Amino acid sequence: MGMESYFVKLRPEHENIFKDMFIESLGKYGISVQERNDILILGEFFILRVQEKDGYLVEMSVEGCLSWFEKGLERCFEFFEIIDREIVPMQVTQPDGTVLPLSKEIFITRLKDFYKDKYQRFLETYGDIDVRSLPDKQFYDYIEKSRNKSFIKRIFRK
């Protein structure tokens with residue numbers, strides 16, 4: 001996890017769901033999961049990391065990009081709500097292990113508070129860019145392309 005990302009952990013309340021069944025169930029409820037270069041992409045803009053034991057789901061983390069932090073948190077919450085209600089009851093936690101209630105307002109407020117220093121550093125470095133992007137390589141590729149376009153525009157303005 002780089003300076004451009006945040007994550008939230010999920011743990012099934014019961015260890016009775018197979019990883020493959022869980023991922024298949026996500027699709028049934030309109031949540032896309034794609035495998036790309038050995039990582040799982042959840043809903044186009046989140047990285048889903050899955051920990052399993054003997055094929056059973058043990059823990060997951062969902063990693064989002066700070067480039068659309070608040071909107072991303074809202075989308076994460078929507079996913080977690082569907083997962084908890086329709087697929088398997090989940091315990092959602094901050095990275096420090098603090099349990100987050102499945103209340104949209106509290107979920108977003110606590111995570112914004114937890115990541116406020118990191119988000120402030122992100123804003124100081126990249127500005128308030130509001131770009132939907134996966135964290136890591138896709139975000140940095142976007143930044144590089146933006147800088148190249150800006151450089152080319154400056155050359156042709158002269």
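Simple spin-label model, 7 Å along Cα-to-Cβ: ASP141 to THR93 in nm?
Those two pseudo-labels are separated by 3.3 nm.
Taking Cα atoms, how many degrees apart are the long axis of helix 116-126 and the longest axis of the chain, rounded to 10 and kept between 0 and 90?
30
Would you mind checking the tilt of helix 19-28 against the longest principal axis of the Cα atoms of the chain, expressed as 0 to 90 degrees and rounded to 10?
Taking Cα atoms only, the helix is inclined about 70 degrees.
Considering lysine pairs in the chain that are 8 or more places apart or on different chains, how many have Cα atoms under 16 Å apart?
12
Could you state the number of Å between the C-alpha centres of segment 55-80 and segment 1-43?
What the calculation gives is 9 Å, centre to centre.
Once the Cα atoms of helix 104-114 and of the chain are each reduced to a long axis, what angle between those two axes, in degrees from 0 to 90 to the nearest 10, is obtained?
Helix 104-114 sits at roughly 60 degrees to that axis.
Among ILE129, ILE41, ILE83, whose mean-square fluctuation peaks in a Gaussian network model of the chain (Cα, cutoff 10 Å)?
ILE129
Non-local amide H neighbours of VAL58 (under 5 Å, H modeled in plane, Pro and chain starts lacking H): which ones?
Here the answer is GLN51, GLU52, LYS53, since their amide H atoms fall under 5 Å of that of VAL58.
Quick one: work out Rg over Rh on the C-alpha atoms of segment 1-96, Rh as Kirkwood radius.
Over the Cα atoms of segment 1-96, Rg/Rh equals 0.93.
Counting C-alpha atoms alone, how compact is segment 23-153: give Rg to one decimal and Dmax as a whole number, in angstrom.
Expressed in Å, the Cα Rg and Dmax of segment 23-153 come to 16.1, 54.
With a 1.4 Å probe and every protein chain left in place, work out the accessible area per residue of the chain in Å², rounded to a whole number.
60
The values are calculated or read from the model by the stated rules, or taken from the named source; none is laboratory data. Since the model is a prediction, treat every value here as computed from it, not as a measurement. Cβ atoms come from the backbone with ideal geometry, glycine included; neighbour counts cover every protein chain shown. Keep in mind that these areas ignore ligands, DNA and RNA; they rest on the heavy atoms of the full protein, side chains included. Shrake-Rupley method; radii C 1.70, N 1.55, O 1.52, S 1.80 Å.
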